[in-house]
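Working notes, structure below.
Coordinate-derived values only; no laboratory data. Worth saying up front: this structure is predicted, and the values here are computed from it rather than measured. Positions of Cβ are backbone-derived with ideal geometry, glycine not excepted, and every protein chain shown enters the neighbour counts.
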Amino acid sequence: MLPFSPPRIDQKIIDAVVDTLKSGWITTGPKTKLFEKKLTEYCGNKNTLALNSATAGLELMLRWFGVKEGDEVILPAYTYSATANVIVHCGAKPVFVDVNADDFNINCDAVKQAITERTKVIMPVDLAGYPCDYDVLQELVQSAEIRKLFKATSPEQALLSRILILSDAAHSVGAIYKGKKAGALTDVTVFSFHAVKNLTTSEGGAIALNLPAPFDNLAIYQALCIKSLHGQNKDALAKTQKGNWRYDIVEAGYKCNMTDISAAIGLVELERYDSDMLVRRKQIFDAYSNFFSGFEWAQVPVYSSADKTSSYHVYQLRINAINEAKRDQIIAAIFDKDISVNVHFIPVPMMTFYRAMGYDVANYPVTFDNYSREITLPVFYDLTDEQVTMVCEAVRDSVLANL
Ligand SMILES: *Cc1c(COP(=O)(O)O)cnc(C)c1O
């Protein structure tokens, strides 16, 4: 069976992990701090905090901004459920909106329609690694008309005095919008380094801070370090310094710090990310698009434009004029040929928990249409050209047998 997206684990990664184990320091320490520094240099934002997941990063930022019961957060219906779950954790209301028919990303007109005086945050998702329309979103939250609606209920909200844009960039490390990388495109960006993501640390995530003046991003980074480690005013490394044993708890914090073992993997991955990982992923995307654009039944994904370059996270093929049941049959046929494929994503309003909250995917027709015709093809570093050809032929034959 051809796997869907195994991580790239070569000798360099293994050596980096072994070195860390032998160093005697395995939790948050020098490697994590170095990874944060390198990520900041790479993305061009202000400060970066490495964590154990993107989910933790998104929730930490909602908490930092003071999002709570009675507040609303706007997000696309087409995303992984983590984006919505963190809003629920804070007691706020997820306000789903529909996505674009061409690129799967949040529809900015729908965002505008959904804004109320309770809206505190917009969480765009760079789906598949393709950046959202950040200029449009930024203009929207800064417009006088939308600012007038904003009701600050925390010191951070008062200081920003508008809706926060918290980007879920779980897919889009290295994606580019108008010459800038994800991380530097909006107020706050959260990356995922989960095992299936482009840049993995096994499990992991990071918050890229890029808040406008008068925010002090370094001070916020330091506050988030404490918030992500029990609310403890000293981390483990600081406590090892001679006589430096006493610590205090300044808030009931969370526990979601990154380990140096994870950071060691991330440092290797980041170093060769542009020169190696993104190059190979683009080749695979191009090979799929070259093959499938020759068929009338195929709709190939958009992954570059004058303003945007994807990070080539997932290749989302759509089949024209089919329904969900037919798509599922095609997927079964592809699996019968020993090729793993996937669907990115089952829309969040279709999930049992969210249905029970009263959400209905019928209110997001483009999302449902995109989902019901979508098949995600395997893309990973070690996928060979021969395997790409195998995938193309298996998908073509499975579609033709079921149309
Ligand atoms: C993977 C993913 C997440 C969650 O990332 P974790 O690091 O596993 O918490 C969030 N949003 C999207 C869109 C994702 O694909």
Placed amide H near ASN342: partners under 5 Å, 5+ positions off or other chain
THR376
Cα-projected label distance for SER305 with ALA325, points at 7 Å along beta-carbon direction, nm:
3.5
What is the distance in Å between the Cα centroid of the range 46-115 and that of the range 185-211?
14
Considering all projection directions equally, how large on average is the shadow of the alpha-carbon convex hull of the range 1-151, in square nanometres?
12.4
With each label point set 7 Å from Cα along the Cα-Cβ vector, what nm distance links ALA238 and VAL279?
4.2
Taking R0 as 45 Å and r as the Cβ-Cβ distance between THR389 and VAL18, the FRET efficiency 1/(1 + (r/R0)^6), rounded to the nearest 0.05, comes to 0.80
Could you please rank HIS171, HIS89, HIS194, HIS313, placing first whichever residue has the fewest other Cβ atoms within 10 Å of its Cβ?
HIS89, HIS194, HIS171, HIS313
Taking every DSSP beta bridge that has both residues in the chain, what percent is antiparallel when rounded to the nearest 5?
65
The range 1-81 shape via C-alpha gyration tensor axes, a/c threshold 1.5
oblate
Ranking of LYS148, LYS31, LYS234 by count of other Cβ atoms within 10 Å, fewest first:
LYS148, LYS234, LYS31
Residue-ordered couplings for the range 204-210, obtained by feeding phi - 60° into the Karplus form 6.51 cos²θ - 1.76 cosθ + 1.60 and rounding to whole Hz (Gly and Pro as x), are x, x, 8, 9, 9, 8, 8
With no solvent and one equal point scatterer placed on each C-alpha of the range 273-402, evaluate the Debye formula and give log10 I(q)/I(0) for q = 0.12, 0.21 Å⁻¹, two decimals.
-0.51, -1.25
The chain, helix-only ellipticity at 222 nm - DSSP H runs n ≥ 4, -39,500 (n - 2.57), divided by all residues, nearest 500
-11500 deg cm²/dmol
Does the range 140-262 come out rounded, prolate or oblate, given a ≥ b ≥ c as the square roots of the eigenvalues of its C-alpha gyration tensor, rounded meaning a/c under 1.5 and, failing that, prolate meaning a/b above b/c?
oblate
In sequence order, calculated HN-Hα J values of the range 327-334 (Karplus, 6.51, -1.76, 1.60; Hz; x Gly/Pro)
4, 4, 4, 4, 4, 4, 5, 5
Pull up all non-local amide H partners of THR119: gap of 5 or more, or a different chain, and H-to-H distance under 5 Å with H placed in the peptide plane.
GLU72
Between ASP286 and ALA219, what length comes free when the chain is fully extended (0.36 nm per residue of separation minus the Cα-Cα distance, one decimal in nm)?
19.8 nm
In whole Hz, what ³J(HN,Hα) sequence does the range 171-188 give by Karplus (6.51, -1.76, 1.60; θ = phi - 60°), x for Gly and Pro?
9, 10, 4, x, 6, 10, 10, 6, x, 10, 8, 3, x, 10, 8, 7, 3, 9
Apply the a/c threshold of 1.5 to the C-alpha gyration tensor of the range 5-46 and tell me whether it is rounded, prolate or oblate.
oblate
Quick note on THR27, THR389, THR367, THR376, ordering by fewest other C-beta atoms within 10 Å, gives THR389, THR27, THR376, THR367
1/(1 + (r/R0)^6) with r = Cβ-Cβ of LYS68 and LYS33, R0 = 25 Å, i.e. FRET efficiency to nearest 0.05, evaluates to 0.20
Across THR83, THR28, THR153, the residue with the highest GNM fluctuation in the chain (Cα network, 10 Å cutoff) is THR153
Quantify how much of the Cα-Cα distance distribution of the range 11-271 extends past 26 Å, in percent.
39
Built amide H within the under 5 Å cut-off of VAL95, gap 5+:
VAL73, ILE74, LEU75
What does the extension gain come out to for ARG272 and ALA101, with contour length at 0.36 nm per residue minus their alpha carbon separation?
58.2 nm
If you take all C-alpha pairs in the range 111-196, what percent of them are over 17 Å apart?
48
Mean projected area, convex hull of alpha-carbon positions in the range 40-94, reported to one decimal in nm², is 4.5
